[in-house]
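This report concerns only the one structure given below.
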Amino acid sequence: MFKSRTLSLVCGAGLLVASLVVQAQSSQLAATPPMGWNSWNHFAERVTDADVRAAADALVSSGMRDAGYIYVNIDDTWEGTRDASGVIHPNSKFPDMKALADYVHSKGLKLGIYSSPGPKTCAGYEGSYGHEEQDAKTYAAWGIDYLKYDLCSFIGIMKEKTGDEHSQQAFAMQKAAYEKMHQALLATGRPIVFSMCQYGWNDVWKWGPEVGGNLWRTTGDITDRYSRMAEIGFSQAGLSRYAGPGHWNDPDMLEVGNGGMKTEEYRTHMSLWAILAAPLLAGNDLSKMSKETLDLLTNREVIAVDQDRLGKQGDRVWAEGPEEIWAKPLSGGAKAVGLFNRADSPRTITLQLKDLGFASSAKLRDLWKHEDVEAKNGSYSVQVPAHGVVLLKVRP
Ligand code: GLA
């Protein structure tokens, strides 16, 4: 009797400690914007187990893992069918998800997966509708560390049940669907980053944290063209106050290295995403990456802007026609400052230090050139290439 009571006290305390550990871990989930790789932008529906292993290998051999790129995320089209008990199985492109997770973990990386609150994913594969708890358990059993949850066909359910997918009732259904998966993930006891993908509907930045989102897409899909990347990136003005440790605005994955933009345009992409404290999920074929692409992805000084421990998103501070200046507060009173030229020809852009609250004695560093530069009489003028950027760190 005494023994069994002691045992149950010990077990109870053990469970309490375990659940506190999980809570502490999940509050540290995505303490800085998640970094890694996602299969969609390059491989789309063709992605296989071998591609994911090759991406994991390349993250390590290229040095990207050591620069912070930790998550290896499988996007849509891994899903197979459910068995008689409703358990989801991968399709033939992914013979053994647990073995794949073990492989990825053995490299010091984490594995991400993808699903939808609807019956079908965007590419028409099996979604989690009606199987949320079961799927969360399956993911945890495989060793999954990150879930991208994509609205897709749930829009159809919202429309069917409320008559209008944009109604308040539909919005309530959508929130409930995300909250349901959030609870299901929590119940597994495994820390799993929850990435919401619903294209920014209903100002998701205002309620994403409420339903457990560690990040949420703020826009529709990116493409590998300057016009689309710029449209998405520069449209983030005004959203900075909604991001912070554990909950980030997500202007979509990187296209760097996919071939559709010029080097200066990819440099703009990286710089803007860093100032936005955006998740940095490379979307190229890492196994066939040029030195130039690797250099763009792994500039430590630029990554440090994105990952700064203050966790503040930057915002637009000045614009005149195609010239824009964006600034991101960094720890230690410094700021990252991007001078962006959206025009089709080079332009000289001038930064007035006092406009950012700095004295004329402030120290400037060009983060792409890895070189200190000097302001004159409290201002810094520099020629910025077409569609390009000069990214500075300014210290008091
Ligand atoms: C949506 C998402 C994309 C990708 C595809 C997969 O379009 O926004 O990022 O996940 O679905 O089908």
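Readers should treat all values here as calculations from the given coordinates under stated rules, not as data from a laboratory. This one's a predicted model, so the numbers in the text were calculated from it and none came from an experiment. Cβ: placed from backbone, ideal geometry, glycine included. Neighbour counts: every protein chain shown.
Among the residues of the stretch 116-151 satisfying the criterion of being in contact (Cβ under 8 Å) with a residue 60 or more places away in the chain and within 16 Å of the ligand (Cβ to nearest atom), which is nearest to ARG82 (Cα to Cα)?
We begin by selecting, within the stretch 116-151, every residue in contact (Cβ under 8 Å) with a residue 60 or more places away in the chain; these are 117, 123, 145-146, 148, 150.
Filter once more, keeping what is within 16 Å of the ligand (Cβ to nearest atom): 117, 123, 146, 148, 150.
Working: PRO117: 16, ALA123: 17, TYR146: 21, LYS148: 20, ASP150: 19 Å.
Ranking the candidates gives PRO117 first.
If the requirement is being in contact (Cβ under 8 Å) with a residue 24 or more places away in the chain, under 17 Å from ALA237 (Cα atoms) and in contact with a strand residue (DSSP E or B) (Cβ under 9 Å, 6 or more places away or on another chain), which of these qualifies: VAL337, VAL390, VAL384?
VAL337
Could you tell me whether the stretch 176-184 includes any residue that is outside any helix (DSSP H, G or I) and either of a type in the set (A, V, I, L, M, F, W, C) or touching a strand residue (DSSP E or B) at 6+ places or on another chain (Cβ under 8 Å) (or both)? Explain how you work it out, then say what you get.
First, pick out the residues of the stretch 176-184 that are outside any helix (DSSP H, G or I): none.
Looking for residues that are outside any helix (DSSP H, G or I) and either of a type in the set (A, V, I, L, M, F, W, C) or touching a strand residue (DSSP E or B) at 6+ places or on another chain (Cβ under 8 Å) (or both), one finds none in the stretch 176-184, hence no.
I'm told ILE157 meets every condition in (1) in contact with a strand residue (DSSP E or B) (Cβ under 9 Å, 6 or more places away or on another chain); (2) among the β-branched types (Val, Ile, Thr); (3) away from the ligand (no atom under 16 Å from the Cβ) except one. Can you identify the failing condition by its number?
(1)
Residue under question is ILE113, and the condition is that it be in contact (Cβ under 8 Å) with a residue 24 or more places away in the chain and more than 16 Å from the ligand (Cβ to nearest atom); does it hold?
Values: in contact (Cβ under 8 Å) with a residue 24 or more places away in the chain: yes; more than 16 Å from the ligand (Cβ to nearest atom): no.
Spelling it out, it is not the case that ILE113 is in contact (Cβ under 8 Å) with a residue 24 or more places away in the chain and more than 16 Å from the ligand (Cβ to nearest atom).
Which residue pairs have Cβ atoms under 6 Å apart, sit 6 or more places apart or on different chains, and have a first residue in the stretch 86-98 that is among the hydrophobic types (A, V, I, L, M, F, W, C) and a second that is assigned to a strand (DSSP E or B)?
The qualifying pairs are ILE88/ARG82; MET97/PRO90.
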